[in-house]
Amino acid sequence: MQCAPVLIVTLNRYEHLKRCIDSLRKNKLACYTDLYIGFDYPPDQKYEKGYHQVKKYLGGGIDGFHDVIIMEHSSNRGVYRNVLDLRAAVYKKYDRYIITEDDNEFSPNYLEYMNKGLEKYEKDDDVLAISGYCYPIESSSFKGNVFKCGTYFAAYGYGIWKQKEEEMRKCLNMSFFCGLYRNSAYMKDLACQSRNQYANMVKGMLKYTSDLISGNELREVDLAYGLYMVASGKKMVYPVISKARNWGYDGTGVNCGEINFKQQKTVNHRNFLFEKQSIDQDKDFSEIVEDLMVTQDQVNELMDVYFSIPKKEYIKVKIAYFFSRIIGLNNTQKLMVGIKNFV
């Protein structure tokens, strides 16, 4: 089994990056794994202190891996273009990869699990990617060690194949997503599978949030991937016990905002202390065992508990979608500008 390379994008978060690499180094497959690091250049002076810390750390050398390739940029590329640069370099040698931002911490069997998952599901057309992360859902009743989900794409350290990624990326554009938005059957199916993802789709397409569209371009992020999975019928493989912990909800990153945990409130995706999540501590991973008795309806129900959405918010989203189908998407987008209390 050839080990997939690991890609990490970074800029100025030294402590996060060191924690991430230290956790990967503890994996017994690390010495067979190539590590690609995209080191961006700071866009602003406020990033320079952390940037120089990271530069010193990388300059000191990173051991424990088969090879370490550092792509240091002399001008700011931004997260997305940084990822594209790493992809292009990796695809010269590999047909798959594992990618993470620098704020994730991993189990000591993470690489073994990921590589076995990439090997097992490579020819399975229903599987888009392998997740190393598991949302804090009640999955203790599952008999296996993995399950599939077709509504959410967890990007906290995932593995994907070149062919499947390129097939998906052909659909990650405004034309395709506008078509989905106008497709009543798709939107109805999306609402049935996940009310939260339905709300994310509507709010994103109406530009009420910036989670899906930047300017006039679709963002290639986990939300778009999840909505694509619903449209294509593809799924992501999840571990029953999470093998990744996200430290990025501290306000330092690009994709994750700061979350203030409130003890007295019900824990959900808007009120969860991510850095306290337990992860698998076993050093070894034997084999992938999927519980074939677990249905997608069961998985969706568990996801709905964690990704709960207030009833008033959901009703407003439904009204907004209905309204946009009458007066048009562009006109509704203009009306949404400046609305602060929509949700």
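Just one of Cys149, Cys178, Cys192 is in contact (Cβ under 8 Å) with a residue 12 or more places away in the chain, among the hydrophobic types (A, V, I, L, M, F, W, C) and open to solvent by 20 Å² or more (accessible area, probe 1.4 Å); which is it? Only one candidate passes the filter, namely Cys178.
Could you list, in sequence order, all residues of region 185-206 that are of a type outside the set (A, V, I, L, M, F, W, C), in contact with a helix residue (DSSP H, G or I) (Cβ under 8 Å, 6 or more places away or on another chain) and assigned to a helix (DSSP H, G or I)?
The first filter runs over region 185-206 and keeps only residues of a type outside the set (A, V, I, L, M, F, W, C), leaving 186, 188-189, 193-198, 200, 203-204.
This time we only want the ones that are in contact with a helix residue (DSSP H, G or I) (Cβ under 8 Å, 6 or more places away or on another chain), so: 186, 189, 193-198, 200, 203-204.
Passing the criteria: Tyr186, Asp189, Gln193, Arg195, Asn196, Gln197, Tyr198, Asn200, Lys203, Gly204.
For region 3-27, the set of residues classified as surrounded by 23 or more Cβ atoms within 10 Å (Cβ to Cβ), in a helix (DSSP H, G or I) and out of contact with any Ser or Thr (no Cβ under 9 Å at 6 or more places or on another chain) consists of Ile21 only. The number of residues in region 78-98 being of a type in the set (A, V, I, L, M) and either open to solvent by 30 Å² or more (accessible area, probe 1.4 Å) or free of Cβ contacts under 8 Å to residues at least 60 places away in the same chain (or both) comes to 4. Residue pairs whose Cβ atoms lie under 6 Å apart, separated by 6 or more positions or on different chains, with the first residue in region 287-302 and surrounded by 14 or more Cβ atoms within 10 Å (Cβ to Cβ) and the second assigned to a strand (DSSP E or B), are Ile288/Val146; Glu290/Val146; Val294/Phe147; Val299/Cys149. Residues in region 28-57 that are among the hydrophobic types (A, V, I, L, M, F, W, C), in a helix (DSSP H, G or I) and out of contact with any His (no Cβ under 9 Å at 6 or more places or on another chain): Val54 alone.
Using the structure shown, decide if Val337 is among the hydrophobic types (A, V, I, L, M, F, W, C), open to solvent by less than 30 Å² (accessible area, probe 1.4 Å) and farther than 22 Å from Leu180 by Cα.
Numbers: among the hydrophobic types (A, V, I, L, M, F, W, C): yes; open to solvent by less than 30 Å² (accessible area, probe 1.4 Å): no; farther than 22 Å from Leu180 by Cα: yes.
Against the criterion (among the hydrophobic types (A, V, I, L, M, F, W, C), open to solvent by less than 30 Å² (accessible area, probe 1.4 Å) and farther than 22 Å from Leu180 by Cα), Val337 does not qualify.
Scanning region 207-231 for residues that are in contact with a helix residue (DSSP H, G or I) (Cβ under 8 Å, 6 or more places away or on another chain) and either of a type in the set (Asp, Glu) or more than 22 Å from Tyr80 (Cα to Cα) (or both) returns Asp211, Glu217, Glu220, Val230, Ala231. Of Ile339, Ile309, all but one fail to be assigned to a loop (DSSP other than H, G, I, E, B) and at pLDDT below 90; the exception is Ile339. Of the residues making up region 99-111, those that are open to solvent by 20 Å² or more (accessible area, probe 1.4 Å) and under 20 Å from the mean Cα position of the chain (by Cα) number 2. Cβ separations smaller than 7 Å between residues 6+ apart or across chains give the following pairs from region 99-111 residues that are on the phi < 0 side of the Ramachandran plot and part of a loop (DSSP other than H, G, I, E, B) to residues that are of a type in the set (Gly, Ala, Ser) and open to solvent by 20 Å² or more (accessible area, probe 1.4 Å): Asp103/Gly253.
Every condition in (1) part of a strand (DSSP E or B); (2) open to solvent by 20 Å² or more (accessible area, probe 1.4 Å) holds for Ala129 except the one numbered (2).
Among the residues of region 132-165, how many are touching a helix residue (DSSP H, G or I) at 6+ places or on another chain (Cβ under 9 Å) and outside any loop (DSSP other than H, G, I, E, B)? Residues in region 132-165 being touching a helix residue (DSSP H, G or I) at 6+ places or on another chain (Cβ under 9 Å) and outside any loop (DSSP other than H, G, I, E, B): 10 in total. Only residues that are touching a helix residue (DSSP H, G or I) at 6+ places or on another chain (Cβ under 6 Å) and within 20 Å of Ser139 (Cβ to Cβ) were counted in region 270-326, giving 4.
Among the residues of region 28-45, which ones are open to solvent by less than 30 Å² (accessible area, probe 1.4 Å) and under 27 Å from Ser75 (Cα atoms)? The answer is Asp34, Leu35, Tyr36, Ile37, Gly38, Phe39, Asp40, Pro42. Under the condition of being open to solvent by 30 Å² or more (accessible area, probe 1.4 Å) and polar (S, T, N, Q), the residues counted in region 303-334 number 3.
Among Val267, Val240, which is the only one that is out of contact with any helix residue (DSSP H, G or I) (no Cβ under 6 Å at 6 or more places or on another chain), modelled with pLDDT under 95 and surrounded by 15 or more Cβ atoms within 10 Å (Cβ to Cβ)?
Values: Val240 fails: modelled with pLDDT under 95.
Only one candidate passes the filter, namely Val267.
The values are calculated or read from the model by the stated rules, or taken from the named source; none is laboratory data. Because the structure is predicted, anything quoted here is derived from the model rather than measured. When we count neighbours, we look across all protein chains shown, and the Cβ atoms used for this are built from the backbone with ideal geometry, even at glycine. Only protein heavy atoms, including side chains, enter the accessible area calculation; ligands, DNA and RNA are left aside. Shrake-Rupley method; radii C 1.70, N 1.55, O 1.52, S 1.80 Å.
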